[in-house]
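Q: Below is the structure I would like to discuss, written out as structure tokens.
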Amino acid sequence: LAGHDLAEMAICLSAGAKAVGTGKHWIADSGVMRRVLAYARDLDVTVIAHAEDGGLTAGAVATEGETATRLGLPAAPAVAEALAIARDLMLAEETGARIHFRQVTTAAGFELIRAAKRRGVAVTCGITPAHLLLSDIAMSDFRTFAHLSPPLRDESDRRAALAAIADGTIDVIASGHDPQGPEAKRLPFADAAPGMAGAETLLPLALTLVRDGHITLDRLFRLLAAHPSAILGLDGGTLAVGAPADLLLFDDQTPWQIDGEAFASAGNTPFDGLPVQGRPLRLWKGGRAL
């Protein structure tokens, strides 16, 4: 977990693992990261990487800018993301490995991903609804539910994220589900644990992107299901004859208000109280109703 040693990847894969991950941290040692990528290439699996240069982000809880300065929060420059992406892209291109950046949130990061895709690098990236719909202004009242990893960015980066999801640069919308209990959030902002509960709100928040005209409904479900399945090498994520019947029935018009206290896990969502539309009605996994 410290990023110094490689796990027994082959053993993990034989036990059912579908990818190799760096966890919530960036591997600072380029030699270690190159070995991870080379080993994953030989095993034909994707490496899922965290994209923040730890030398810049150590101790930071926000993105450098007007909001962090006004609140007096320890902050890191947004370029920490692009620096991490640039190095890992170079290593992935050199080794021929597949790499997926679990969250890319800055304009500079998206430009690097676009350029790498044009060169034919096997790279994909994801984002959460929070980084598409919120800027760092959401931290203005020191509300720790807006303390995320990576931190919320400024409005220009948020707009760049919307452009990136519209033009196909972003491949996955993930929930970012990382619930934290009251003991981890009822602290001063700089001391609180980062993370949000995102599973219950993923669909309605993602449908906002469809209603606002950024993406089509068909593309939304590629971002939510087909692309993640393909990245992990899973047999699923699409509607096809003979494919697993993993189905969702939902009403995209149902209005409701997000209430964190009603969540199955901790209710630490920065969207608490937000009116939304769209709600799941039934789920099937492998043809069995859940």
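Q: Just for segment 216-269: of the residues that are of a type in the set (Asp, Glu) and either touching a Cys at 6+ places or on another chain (Cβ under 8 Å) or without any contact (Cβ under 8 Å) to a residue 40 or more places away in the chain (or both), which one is farthest from residue 163 (Cα to Cα)? Break it down into steps so the answer makes sense when it comes.
A: Our first condition is that a residue be of a type in the set (Asp, Glu); within segment 216-269, this holds for 218, 235, 246, 251-252, 259, 261.
Next, from what is left, pick out any that are either touching a Cys at 6+ places or on another chain (Cβ under 8 Å) or without any contact (Cβ under 8 Å) to a residue 40 or more places away in the chain (or both): 218, 235, 251, 259, 261.
Details: 218: 17, 235: 30, 251: 27, 259: 29, 261: 33 Å.
If we take residues in segment 216-269 being of a type in the set (Asp, Glu) and either touching a Cys at 6+ places or on another chain (Cβ under 8 Å) or without any contact (Cβ under 8 Å) to a residue 40 or more places away in the chain (or both), then 261 is farthest from residue 163 (Cα to Cα).
Q: Hey, another quick one. Do you know which residues across segment 165-211 are charged (D, E, K, R) and in contact (Cβ under 8 Å) with a residue 60 or more places away in the chain? Spell out how you get there, then give the answer.
A: Within segment 165-211, the subset charged (D, E, K, R) is 167, 171, 178, 183, 185-186, 191, 200, 211.
Across segment 165-211, the qualifying residues are 171, 185, 200, 211.
Q: I've got another one for you. Would you be able to say whether some residue in segment 137-150 is surrounded by 20 or more Cβ atoms within 10 Å (Cβ to Cβ), without any contact (Cβ under 8 Å) to a residue 60 or more places away in the chain and touching a Leu at 6+ places or on another chain (Cβ under 7 Å)? If you could, list the steps in order and put the result at the bottom.
A: First, pick out the residues of segment 137-150 that are surrounded by 20 or more Cβ atoms within 10 Å (Cβ to Cβ): 139, 144-148, 150.
If we keep only those that are without any contact (Cβ under 8 Å) to a residue 60 or more places away in the chain as well, we get none.
Checked against the condition, which is being surrounded by 20 or more Cβ atoms within 10 Å (Cβ to Cβ), without any contact (Cβ under 8 Å) to a residue 60 or more places away in the chain and touching a Leu at 6+ places or on another chain (Cβ under 7 Å), segment 137-150 yields no hits at all.
Q: While we're on this one: Pick from 101, 110, 142: which is at pLDDT below 95 and among the aromatic types (Phe, Trp, Tyr)? Step through it out loud before you land on a result.
A: Values: 101 fails: at pLDDT below 95; 110 fails: at pLDDT below 95.
Among 101, 110, 142, only 142 is at pLDDT below 95 and among the aromatic types (Phe, Trp, Tyr).
Q: Oh, and also: With the condition being surrounded by fewer than 17 Cβ atoms within 10 Å (Cβ to Cβ) and among the hydrophobic types (A, V, I, L, M, F, W, C), I'd like the strands (runs of 3 or more DSSP E) fully within segment 1-101 carrying at least 2 qualifying residues. Steps first, please.
A: Numbers: elements: 19-21, 46-49, 98-101.
Per the criteria, no element qualifies.
Q: Looking at (1) among the aliphatic types (A, V, I, L, M); (2) in contact with a Gly (Cβ under 7 Å, 6 or more places away or on another chain); (3) within 18 Å of residue 260 (Cα to Cα), which one does residue 192 not meet, given that it meets all the others?
A: (2)
Q: Take residue 204 and decide whether it is surrounded by fewer than 19 Cβ atoms within 10 Å (Cβ to Cβ) and out of contact with any helix residue (DSSP H, G or I) (no Cβ under 7 Å at 6 or more places or on another chain).
A: Values: surrounded by fewer than 19 Cβ atoms within 10 Å (Cβ to Cβ): no; out of contact with any helix residue (DSSP H, G or I) (no Cβ under 7 Å at 6 or more places or on another chain): yes.
No: the conditions fail for residue 204.
Q: If you don't mind, there's one more thing I want to ask. Any chance segment 168-179 includes a residue that's at pLDDT 95 or above, over 13 Å from the mean Cα position of the chain (by Cα) and part of a loop (DSSP other than H, G, I, E, B)? Even if it seems obvious, please write down each step before you answer.
A: Residues of segment 168-179 that are at pLDDT 95 or above, as a first pass: 168-175.
This time we only want the ones that are over 13 Å from the mean Cα position of the chain (by Cα), so: 168-169.
With part of a loop (DSSP other than H, G, I, E, B) added as a condition, the list becomes 168-169.
Looking through segment 168-179, at least one residue is at pLDDT 95 or above, over 13 Å from the mean Cα position of the chain (by Cα) and part of a loop (DSSP other than H, G, I, E, B).
Q: Something else: Restricted to segment 208-235, and to residues that are assigned to a loop (DSSP other than H, G, I, E, B) and among the small types (Gly, Ala, Ser), which residue is surrounded by the fewest Cβ atoms within 10 Å (Cβ to Cβ)? Steps first, please.
A: Here is the first cut: in segment 208-235, the ones assigned to a loop (DSSP other than H, G, I, E, B) are 212-216, 233-235.
Remaining after also requiring among the small types (Gly, Ala, Ser): 213, 233.
Working: 213: 8, 233: 12.
That would be 213.
Q: Also: Looking at segment 136-167, which of its residues are in contact with a Pro (Cβ under 6 Å, 6 or more places away or on another chain) and in a loop (DSSP other than H, G, I, E, B)? Can you show your working first?
A: Taking segment 136-167 first, the residues in contact with a Pro (Cβ under 6 Å, 6 or more places away or on another chain) are 138, 145-149.
The answer is 147, 148, 149.
Q: Out of (1) of a type in the set (Lys, Arg); (2) touching a Lys or Arg at 6+ places or on another chain (Cβ under 8 Å); (3) closer than 15 Å to residue 61 by Cα, what's the single condition that is false for residue 153?
A: Going through (1) of a type in the set (Lys, Arg); (2) touching a Lys or Arg at 6+ places or on another chain (Cβ under 8 Å); (3) closer than 15 Å to residue 61 by Cα one by one, residue 153 breaks only (2).
Q: Identify, please: which residue in segment 253-290 is part of a loop (DSSP other than H, G, I, E, B) and of a type in the set (Phe, Trp, Tyr) and is, among those, nearest to the chain's Cα centre (by Cα)? Before you say what the answer is, go through the steps one by one.
A: Filtering segment 253-290 down to residues part of a loop (DSSP other than H, G, I, E, B) leaves 258-259, 263-274, 286-287, 290.
Remaining after also requiring of a type in the set (Phe, Trp, Tyr): 263, 271.
Numbers: 263: 20, 271: 17 Å.
Step by step, filter segment 253-290, then rank; the result is 271.
The values are calculated or read from the model by the stated rules, or taken from the named source; none is laboratory data. Small disclaimer: the values here were computed from a predicted structure and weren't measured. Note: ideal-geometry Cβ built from the backbone for every residue, glycine included; neighbour counts use all protein chains shown.
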